[in-house]
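Here is the structure we will look at, set down as structure tokens.
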Amino acid sequence: MNIFKNISITAFSLLTVLVSCKNQDNTKASSTDGNPLYLDATASVNDRVSDLMSRMTLEDKVYQMCQYVGLEHMKHAENELTPEELEKNDALGFYPGVHSDSIGRLAEAGHVGSFLHVVTPEEANHLQRLAQKSPLKIPLLIGIDAIHGNGLVSGSTIYPSPISQAATFDDALIKEGSRQTALEMRANGMHWSFTPNIDVLRDPRWGRTGETYGEDPFLVGNMGVATINGLQSDDFSGTESVIACAKHLIAGSSSINGLNASPTDVSKRTLFEIFLPPYRRAVQEANVYSIMAAHNEVAGLPGHMDKFMMNDLMRDRWGFEGFYVSDWNDISRIDIWHHVAKDFKQSIEFSINAGMDMNMHGPIFDKLLIELVNEGKVDEARVDYACRKILEAKFKLGLFENPFIDVEKAKSTNFAKSHQENALEQARKAIVLQKNDKNILPLSTNGKSKTIFITGPNANNQTTLGDWVSPQPEENVVTMLEGITTIGEANGYSIDYFDAGDRSKEITDANISKAAQKAKQADLSVLVLGENSFRHDWGRKTTGENVDRATLQLSGNQLKLAKEIIALGKPVIVVYVSGSPIAEPWLENNVAAVLNTWESGAFAGQATAEILFGQVNPSGKLPLTIPRSVGQLQMVYNHKPTAYIHKYNTEKKVPLHPFGFGLSYTTFKFSEPKLSKTSFSGIDDEITATVEVTNTGKVAGDEVVQLYIHDEVSSYTRPVKELKAYKRVSLNPGETKTVSLTINAESLAMYDSAYNFVVEPGDFTIMTGNSSSDKSLKTTMLNVPQLIKLKN
Ligand code: BGC
């Protein structure tokens with residue numbers, strides 16, 4: 001489908017009109033050296049923006065709202081496709097009929113505000129050089145999906161994917177990794193990361209599950225705030241921070257059929273209770289400077305024209321002070337997909353009037369928006385607002401002073417030692433031990449004369465890196481096979497590997513037989529199974545963006561492979577590599593151990609092997625519920641009280657594993673929670689819950705202490721439990737620590753009938769333990785004597 005179907009002029013004729021220089025107005029403010037004030041680095045950002053805008057025409061201001069994909073992306077397509085294909089193909093050619101040279105000329109004329117997916121420092125410098133030739137010399141804002149490391153750039157540090165990060169329950173570690181990502185981005189000439197994805201996951205069929213921080217609004221909010229703080233370092237001023245982007249507003253993680261971009265139909269209450277809290281916190285606690293609208297509609301209204309969401313709620317009520325960017329071509333989709341505008345021009349009108357500030361991506365938008373303003377359909381004040389916000393960012397980021405970067409510095413910053421250490425530490429803390437029968441793990445460190453057989457589609461490739469990553473240099477990645485071989489051999493084991501099919505869809509029966517023969521010769525087998533969200537491998541992806549799942553079971557022939565090896569009667573350890581949860585109850589019942597490694601990044605193989613051989617004690621916790629089957633969906637721990645009053649005919653009503661769960665090689669004992677007081681009195685009150693945790697086993701380990709609440713009687717139904725605090729603690733054998741967790745007004749608040757944020761009077765159950773399962777939790781009571789109204 002051609003997204004520009006309603007546009008009558010060709011992009012080429014547009015380009016010839018565009019390359020015209022404007023006269024500068026010399027009557028504007030200047031600094032003491034006679035240069036325009038906006039070029040004076042000592043002036044305030046506000047004055048510089050005002051001065052620059054006073055020199056800009058309506059057209060100039062609209063150009064700041066225009067984003068294009070990087071020229072190398074386009075050139076790649078130009079090399080691959082025939083001129084005829086390019087003319088037609090908007091997916092690979094990006095802009096039908098428009099050549100990369102033409103976009104270069106647009107940048108030179110000052111008609112481009114931003115580029116996305118520029119993937120080398122050389123290209124970033126090239127584009128900035130073009131922009132410096134423009135009349136006002138406004139530098140470009142370069143955006144990229146640096147979701148878990150600057151992964152689209154080869155040679156970057158690849159941290160575990162967001163779902164893996166959430167499993168660490170370690171906000172400070174994630175913030176530090178994001179800080180490092182900001183450094184790698186700036187060193188490569190990129191200023192704006194389209195992360196964090198703070199969509200609260202409610203349906204694990206959604207292929208983008210691995211991009212989220214899971215199903216809990218509090219955990220998602222914490223991870224989002226940590227990521228934004230790491231990237232933006234408060235207000236992103238200077239040359240070492242970048243802008244973050246909270247996305248996608250709103251609720252695309254709960255589409256009615258689990259498919260990306262398909263309609264969501266949730267209630268206003270569910271929006272406020274589940275999906276919106278992380279956005280409120282991203283704005284109010286972390287000052288996120290950009291928000292991306294969602295592909296999907298909610299209750300009939302596409303996200304890109306939802307004025308209530310973008311303007312009334314985020315800006316007017318919650319105080320969002322940054323700018324909105326559209327998602328990929330989504331303004332045009334108001335017409336083409338959603339059919340609620342008659343053409344692209346009307347889509348722009350609806351979107352900009354609703355609060356949108358930048359179009360991702362492509363030509364024609366500028367021409368049509370200028371027309372809309374001239375026709376009085378869009379107020380010029382909206383364009384001024386958008387332009388001001390975008391320019392503010394460019395000044396704060398220091399781009400007017402130095403738009404270029406030192407290519408050599410990029411080389412030494414990418415994959416720096418301290419970044420590698422953080423990525424490895426995240427991986428160690430993210431991996432969740434889901435089963436450990438008869439303590440088969442850790443494997444003995446005396447492996448003399450024993451053979452470990454390894455097979456499975458994710459054993460020896462870069463699927464461990466997850467989505468939003470380009471292929472990385474092999475020497476920067478430790479695959480599962482490499483990690484287990486290095487540490488296994490150091491412990492005396494022999495390792496035998498068989499490639500039974502590099503991707504799950506390609507495991508043949510013949511290879512299954514060969515794998516079983518080899519497993520027979522070994523003492524135990526490690527099966528590295530799971531899914532593939534590696535976008536470089538699009539045709540063979542089984543999850544990830546735009547590849548959603550109709551089942552939560554293993555794809556392809558993986559279960560068959562596992563069954564043949566299990567049938568040999570020797571111990572089998574399953575290592576899952578997947579950003580999306582795997583529901584295979586039979587498999588979990590029939591193997592000795594299951595290690596869920598998610599997509600644990602560049603050092604996945606090392607961290608996994610360290611855990612298998614006991615150098616590291618596993619401590620990751622599930623950031624989502626793992627259901628037993630797709631039929632149980634929606635299955636979340638924070639469900640409403642009536643969710644399980646009745647039964648299924650053929651399925652249990654309990655999950656395979658609950659939210660917050662994860663085993664350790666040691667055991668922990670928890671005391672009852674004690675509250676600093678049992679009555680909560682006002683908006684600024686804080687109560688401390690203390691829990692004594694003792695390591696009762698023989699090895700040191702980390703535990704994640706979790707605190708849940710339940711509002712006993714409320715004016716609207718409340719979830720049976722809600723996570724409100726957590727803390728990770730390290731304990732030596734026999735050691736006891738007192739862990740303090742804070743309960744504040746926000747922990748207890750809900751939305752009343754008029755959507756005021758309030759704490760209703762009454763009793764609250766406070767639960768503490770090491771998972772959301774009732775049997776792991778100890779309780780006490782807290783009373784709120786009177787109604788408390790919170791600010792928002
Ligand atoms: C995704 C966004 C992403 C954008 C730019 C879209 O397809 O939905 O999350 O930031 O592409 O790559």
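The values are calculated or read from the model by the stated rules, or taken from the named source; none is laboratory data. Bear in mind that the values here come from a model prediction, so they are computed numbers and not experimental data. Please note: Cβ atoms are built from the backbone with ideal geometry, for glycine as well, and neighbour counts cover all protein chains shown.
List of remarks:
- Scanning the stretch 623-654 for residues that are of a type in the set (F, W, Y) and buried (at least 18 other Cβ atoms within 10 Å of the Cβ) yields one hit, Y637.
- Considered as a group, the residues in the stretch 119-137 that are part of a loop (DSSP other than H, G, I, E, B) and closer than 30 Å to Q165 by Cα include one that is farthest from the ligand (Cβ to nearest atom), and that residue is T120.
- If the condition is being acidic (D, E), crowded, with 24+ Cβ neighbours inside 10 Å and part of a loop (DSSP other than H, G, I, E, B), then the stretch 193-237 contributes D199, E215, D216.
- Every residue from the stretch 461-473 that is part of a loop (DSSP other than H, G, I, E, B) and crowded, with 21+ Cβ neighbours inside 10 Å: N461, G466, D467, W468, V469, Q472
- Breaking point among (1) assigned to a loop (DSSP other than H, G, I, E, B); (2) within 31 Å of the chain's Cα centre (by Cα); (3) crowded, with 24+ Cβ neighbours inside 10 Å; (4) at negative phi, for G149: (4)
- Considering the stretch 247-256, the residues that are of a type in the set (S, T, N, Q) and away from the ligand (no atom under 12 Å from the Cβ) include one that is surrounded by the most Cβ atoms within 10 Å (Cβ to Cβ), namely S255.
- Evaluation of A286 against (1) outside any helix (DSSP H, G or I); (2) over 23 Å from E215 (Cα atoms) (one fails), failing number: (2)
- The residues on offer are D335, D343, D366, and the sole one that is of a type in the set (D, E) and under 24 Å from A393 (Cβ atoms) is D366.
- Search result, residues across the stretch 175-199 that are under 12 Å from the mean Cα position of the chain (by Cα) and of a type in the set (A, V, I, L, M): I198
- Candidates L152, L140, L116 - the one that is more than 16 Å from the ligand (Cβ to nearest atom) and among the hydrophobic types (A, V, I, L, M, F, W, C): L140
- Selected residue (criterion: surrounded by the most Cβ atoms within 10 Å (Cβ to Cβ)) from residues of the stretch 322-354 that are within 16 Å of the ligand (Cβ to nearest atom), hydrophobic (A, V, I, L, M, F, W, C) and part of a loop (DSSP other than H, G, I, E, B): W337
- Conditions (1) closer than 30 Å to P160 by Cβ; (2) of a type in the set (A, V, I, L, M); (3) in a helix (DSSP H, G or I); (4) assigned by TED's automatic domain parsing to the domain that holds S100: number failed by V373: (1)
- All of K727, K778 fail the test of being touching a Pro at 6+ places or on another chain (Cβ under 8 Å), assigned to a strand (DSSP E or B) and closer than 20 Å to G662 by Cα, apart from K778.
- Of the criteria (1) surrounded by fewer than 20 Cβ atoms within 10 Å (Cβ to Cβ); (2) more than 16 Å from the ligand (Cβ to nearest atom); (3) in contact (Cβ under 8 Å) with a residue 24 or more places away in the chain; (4) not basic (K, R), which one E72 fails: (2)
- Number of residues in the stretch 182-207 that are in contact with a strand residue (DSSP E or B) (Cβ under 7 Å, 6 or more places away or on another chain) and within 16 Å of the ligand (Cβ to nearest atom) equals 11.
For (1) farther than 18 Å from L723 by Cβ; (2) within 14 Å of the ligand (Cβ to nearest atom), each residue gets a yes or a no:
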{"residue": "G258", "(1), (2)": "yes, no"}
{"residue": "S267", "(1), (2)": "yes, no"}
{"residue": "T270", "(1), (2)": "no, no"}
{"residue": "P277", "(1), (2)": "no, no"}
{"residue": "R281", "(1), (2)": "no, no"}
{"residue": "N287", "(1), (2)": "yes, no"}
{"residue": "M292", "(1), (2)": "yes, yes"}
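- Picking from residues in the stretch 677-709 that are touching a Lys or Arg at 6+ places or on another chain (Cβ under 6 Å) and surrounded by fewer than 18 Cβ atoms within 10 Å (Cβ to Cβ), the one that is nearest to M767 (Cα to Cα) is T690.
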